[in-house]
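Novice: I have a structure I would like to understand better, so I am pasting it below and will then ask my questions one at a time.
The values are calculated or read from the model by the stated rules, or taken from the named source; none is laboratory data. Everything quoted here is computed from the prediction, not taken from an experiment. Glycine also receives a Cβ, built like all others from the backbone with ideal geometry; neighbour counts cover every protein chain displayed.
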């Protein structure tokens, strides 16, 4: 379920989902080699969410269950709040035993909107005073999670930013009648019949004709922002096996080959590019499997797809600021890179000392990045390391 807040976002990432700091002028391919560490804020636990920056203040959550409000220029702590105490909710224990957020806080005037990782609540607090304004539960299921900025597991919801009232909600899978678990023994008859017909075809169908139009796993969708109706859906494949079990290559119950997670770990980028002599709106996203895909924003048509040549996974999004592309790595020493967006040439880098799982934000000549990822998937990746801090690099 994805959370859609129809507001103007006043942060350093974008007004819409561009992953681009549109107003950034001080950072450029010429000046970025001058980036220097300005400060390092110690939170004590992993920071994987992209921070939000507004009016000289940085907002970010940590996996320790706190939301931090920090002066963007001096790192002075303005306020920190325990999400469990603020909401009265306890963690589900799915990943951690405290109430946490792994999403970028959304800014709307004096309101700071935060998605709780689990249970699936969205809360609004006052930016100036820190008091709770409203709290809305998006799904009653105890293990439902809000997984990233503006994204909520298993459907889509639009809220009134003033009071948290749900305006519409769209699900990504058919209603199973409230049953727990799933049928692991046979597929529906219509699916089996479709697969039997496919045996006589010499060319595979894309998308798979045996997957119904209301089944949207491993998909990118466009929805009407006023009513939540699906405009188009592009199912982008992948085994969709139980990822954790099939991380073990010796498991004979799994499909052959590398069984990468085919989910999308972040919202897609919306870009306008020149293609075949005309300006075209495109949607670009990266699967956790390491494949990059671009689709026509109006139709969902796949324009191109490219596999990561290093055969590695892609866990976090990139950030664009005035011709400079910022990206981190899950490597144990946590390298953070700035690249020329036109050529990919690395212009600057810094070793943070811990795995970088999230993305950067940029504002007023500074770049902010959190480090560390030792929860969730990290248990299957022994090289991923724990972090404690948010870094600020500025043009000095």
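Novice: Can you pull out the residues in the stretch 45-78 that are in a strand (DSSP E or B), crowded, with 23+ Cβ neighbours inside 10 Å and out of contact with any helix residue (DSSP H, G or I) (no Cβ under 9 Å at 6 or more places or on another chain)?
Specialist: 52, 53, 58, 59, 60, 70
Novice: Also, I was wondering about something else. Name the residue that is nearest to residue 367 (Cα to Cα), counting only residues in the stretch 93-110 that are buried (at least 20 other Cβ atoms within 10 Å of the Cβ) and out of contact with any helix residue (DSSP H, G or I) (no Cβ under 7 Å at 6 or more places or on another chain).
Specialist: Among them, the one singled out is 104.
Novice: Tell me the residue from 293, 286 that is within 21 Å of the chain's Cα centre (by Cα) and at pLDDT 75 or above, please.
Specialist: One residue alone meets the criteria, 293.
Novice: Filtering the stretch 332-345 down to residues that are outside any strand (DSSP E or B) and touching a strand residue (DSSP E or B) at 6+ places or on another chain (Cβ under 9 Å), which residue is nearest to residue 362 (Cα to Cα)?
Specialist: If we take residues in the stretch 332-345 being outside any strand (DSSP E or B) and touching a strand residue (DSSP E or B) at 6+ places or on another chain (Cβ under 9 Å), then 341 is nearest to residue 362 (Cα to Cα).
Novice: What tally of residues in the stretch 189-210 results from selecting those that are in a loop (DSSP other than H, G, I, E, B) and either more than 29 Å from residue 229 (Cβ to Cβ) or at pLDDT 75 or above (or both)?
Specialist: Selection size over the stretch 189-210: 7.
Novice: Oh, and also: Could you tell me whether the stretch 220-238 includes any residue that is crowded, with 17+ Cβ neighbours inside 10 Å and modelled with pLDDT under 75?
Specialist: Within the stretch 220-238 (the criterion being crowded, with 17+ Cβ neighbours inside 10 Å and modelled with pLDDT under 75), the answer is yes, since at least one residue qualifies.
Novice: May I pose another question? Is it the case that the stretch 141-151 has a residue that's under 30 Å from residue 47 (Cβ atoms), loosely packed, with under 13 Cβ neighbours inside 10 Å and modelled with pLDDT under 75?
Specialist: Looking for residues that are under 30 Å from residue 47 (Cβ atoms), loosely packed, with under 13 Cβ neighbours inside 10 Å and modelled with pLDDT under 75, one finds at least one in the stretch 141-151, hence yes.
Novice: Still on this structure, I have one more. For the stretch 348-396, give me each residue that is out of contact with any helix residue (DSSP H, G or I) (no Cβ under 9 Å at 6 or more places or on another chain), part of a loop (DSSP other than H, G, I, E, B) and at pLDDT below 90.
Specialist: 358, 359, 375, 382, 383
Novice: Here's something else I'd like to know. Which of (1) surrounded by 15 or more Cβ atoms within 10 Å (Cβ to Cβ); (2) out of contact with any helix residue (DSSP H, G or I) (no Cβ under 9 Å at 6 or more places or on another chain); (3) modelled with pLDDT of 85 or more is the odd one out, the single condition residue 318 does not satisfy?
Specialist: So the condition that residue 318 fails would be (3).
Novice: Restricting to the stretch 79-90, give me the number of residues that are assigned to a strand (DSSP E or B) and surrounded by 14 or more Cβ atoms within 10 Å (Cβ to Cβ).
Specialist: Residues flagged as assigned to a strand (DSSP E or B) and surrounded by 14 or more Cβ atoms within 10 Å (Cβ to Cβ) within the stretch 79-90 amount to 3.
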